[in-house]
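Okay, structure first, notes after.
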Amino acid sequence: MIPYDNLHLVNTPFVKEFQRNLNGFFEKGWYVLGEQVEHFEKEYASYCGTKYCLTVASGLDAMIIALAAYEFEKGSEIIVASNTYIATILAILRAGCKPILVEPDLDSYNIDPDKIEAKITTKTKAILITHMYGNPCQMDKIIRVQQNYNLVLFEDCAQAHGAMFYETKVGSFGIGCHSFYPTKNLGCLGDGGAITFDDQNLYDKIRALRNYGSNKKYYNDYVGYNSRLDEIQALFLRTKLKSLDTINTHKINLANIYKTNLKSEFIMPQQNDNMVHVYHIFNIRNQKRDYIKSELLKKDIQTEIHYPLPPHKQKAYTKLISGHYPISEIIHDTTLSLPISTAHNEDDIIRVVEVLNAISL
């Protein structure tokens, strides 16, 4: 069996160092917002190229709290990709704002920057982009629109740790919102998230918001949240962060095997030469997606679908999101995610390619 992923194998290389450091953690007896969190925040900010990083309990919380820090007027509009994961939409709604969906580019799966301006109104306050599957958005065009209309730029970097546009890492162009869910390229042993940015005033506010709105114990400056990364997760993330570039390189190498050897019937992800795609997900597209998935499973190859239903088709959101998004629907109807993790080696990927190419379409 070639599993879609195997978190035991993914995390095994980090276990011994992690276990060695656990003794010091237990001796200190400080389990929430302690020195491990502080060290990781500094290290991850340095990695992303930002002045600040503040950790929270999940990637969704990162977006919710980042948006809350701006206190947008109720009913404000925020631009977002029509094919993003539902968490991005949910964060906008939790902020009391209205998601305005913009179709993606069919080659990159990222929001089409040339379609953003047409959706901007007097109520538009921000753009929340998602670097889908680990592929950076076209940041030069997006920033041009953002600056022309004086909008706040948020980045959903949940799938894109270490991805770069030219030589700049995602999460440093605007307010970066990161997830450390276990399956991510930089995954912890549970849920976790972070917000990266450069503004000192924003630092003070977000730092309070994540901790009941408090800058001083038992004194509350804001209506806040309880969203804090625990010390064990921070300790593991510190251990793993040192290998993030190696993890990304491994996945890029596996992606190149797919791109070089898969037959043309499978539509593969495209990227520009000025970008570093880190392949949290390697997806192909084909009209016979479900059949292909079934045939692969018969040969003991597991796959996933990211994602089977677009946001505007989700039951909970049909009355909250209006419009037709045919490009998003094409992606969701045809996409299939193939195995690509540090649990896989080149032979695994070659096997997947052989089986795929043998499928009669």
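The values are calculated or read from the model by the stated rules, or taken from the named source; none is laboratory data. Since this is a predicted model, take the numbers as computed values, not measurements. Every residue, glycine among them, receives a Cβ derived from its backbone with ideal geometry; neighbour counts consider all protein chains shown.
What to note about this one:
- Residue selected from region 308-361 under the condition under 23 Å from the mean Cα position of the chain (by Cα), of a type in the set (S, T, N, Q) and assigned to a helix (DSSP H, G or I), by the criterion nearest to Ile111 (Cα to Cα): Ser328
- Among the residues making up region 34-91, those that are in contact with a helix residue (DSSP H, G or I) (Cβ under 8 Å, 6 or more places away or on another chain) and among the aromatic types (Phe, Trp, Tyr) are Phe40, Tyr44, Tyr47, Tyr52.
- Test result for Ser82, small (Gly, Ala, Ser), crowded, with 21+ Cβ neighbours inside 10 Å and either more than 18 Å from Tyr317 (Cβ to Cβ) or out of contact with any strand residue (DSSP E or B) (no Cβ under 8 Å at 6 or more places or on another chain) (or both): no
- Qualifying residue in region 80-99 (condition: free of Cβ contacts under 8 Å to residues at least 24 places away in the same chain and not polar (S, T, N, Q)): no
- Extreme residue, nearest to Ala118 (Cα to Cα), among residues of region 152-168 that are in a loop (DSSP other than H, G, I, E, B) and without any contact (Cβ under 8 Å) to a residue 60 or more places away in the chain: Cys157
- Test: Thr196 is surrounded by fewer than 18 Cβ atoms within 10 Å (Cβ to Cβ), at pLDDT 95 or above and either of a type outside the set (Gly, Ala, Ser) or closer than 22 Å to Leu22 by Cβ (or both): no
- Restricting Glu167, Glu155 to residues that are within 15 Å of the chain's Cα centre (by Cα), of a type in the set (D, E, K, R) and under 29 Å from Val102 (Cα atoms) narrows the list to Glu155.
- Of the criteria (1) within 30 Å of Tyr47 (Cα to Cα); (2) exposed (fewer than 14 other Cβ atoms within 10 Å of the Cβ); (3) of a type outside the set (A, V, I, L, M, F, W, C), which one Tyr291 fails: (1)
- Taking first residues from region 217-239 that are farther than 14 Å from Ala57 by Cα and partners that are surrounded by 18 or more Cβ atoms within 10 Å (Cβ to Cβ) and charged (D, E, K, R), the Cβ contacts under 8 Å between residues at least 6 apart in sequence or on separate chains come to Tyr222/Lys205.
- Filtered by the rule that a residue be crowded, with 24+ Cβ neighbours inside 10 Å and either in a strand (DSSP E or B) or touching an Asp or Glu at 6+ places or on another chain (Cβ under 9 Å) (or both), region 105-125 gives a lone residue, Ile111.
- Against the test of being within 12 Å of Phe173 (Cα to Cα), modelled with pLDDT of 95 or more and among the β-branched types (Val, Ile, Thr), the options Ile142, Ile111 yield a single qualifying residue, Ile142.
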